[in-house]
Amino acid sequence: MSPVAQGIVDVMIWGMIAALATISVMYASQSLGWTRLNLPFLLGAMFTEDRRAANVLGFLLYLVVGWLIAFFYTTSSSKSWVW
């Protein structure tokens, strides 16, 4: 695998790990009663009125946004990109 392809794979893996970690913290804090804010649900509710579908859609959108943020962050930093 070329260094560029490996860099893209690394960004996607670490972006997914970071997005899953933040989602886990948000769901745990909501389950413990520390907050009522649920960002994945808010994202999904912009596109559907069904609560269950909004949670699933919001989760997927949050992962995609996490990947995009990780990719743009990596490409904006000249030290961490492979080319």
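No value in this document is a laboratory result; all are computed from the given coordinates. These numbers come from a predicted model, not from an experiment. Here the Cβ is made from the backbone with ideal geometry for all residues, glycine too, and neighbour counts use every protein chain on show.
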Mean separation of Cα contacts under 8 Å, 6 or more apart, over the residue count of the chain: relative contact order %: 35
Segment Gln6-Leu20, length gained on full extension (0.36 nm per residue, minus Cα span): 2.9 nm
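Using per-residue counts of other Cβ atoms within 10 Å, averaged over each peptide, order 9-15, 55-61, 44-50, 29-35 from highest down.
Working: 9-15: 15.0, 55-61: 17.0, 44-50: 13.3, 29-35: 10.1.
For the peptides 9-15, 55-61, 44-50, 29-35, the packing ranking is 55-61, 9-15, 44-50, 29-35.
If contacts are Cα pairs under 8 angstrom and at least 6 residues apart, what is the relative contact order of segment 35-77 in percent? Don't skip to the answer; put the middle values down first.
Numbers: 36 pairs, mean separation 14.0, N = 43.
The value is 33 percent.
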Normalised alpha carbon radius of gyration of segment 35-77 [divisor 2.2 N^0.38 Å]: 1.35
Of the trypsin sites (Lys or Arg not before Pro) in segment 20-83, those whose Cβ has at most 13 other Cβ within 10 Å and which sit in DSSP loop: Arg36, Lys79
Tilt relative to the chain, helix 51-76 - C-alpha long axis, 0 to 90 degrees, to 10: 20
Unit Cα scatterers, Debye sum, the chain: log10 I(q)/I(0) for q = 0.13, 0.17, 0.23, 0.26 Å⁻¹: -0.50, -0.73, -1.01, -1.16
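Express in nm, to one decimal, how much length is gained between Phe71 and Thr35 on full extension, taking 0.36 nm for each residue of separation and deducting their alpha carbon distance. Intermediate values should be presented prior to the final figure.
Values: separation 36, 0.36 × 36 = 12.96 nm, distance 2.94 nm.
Additional length available on full extension: 10.0 nm.
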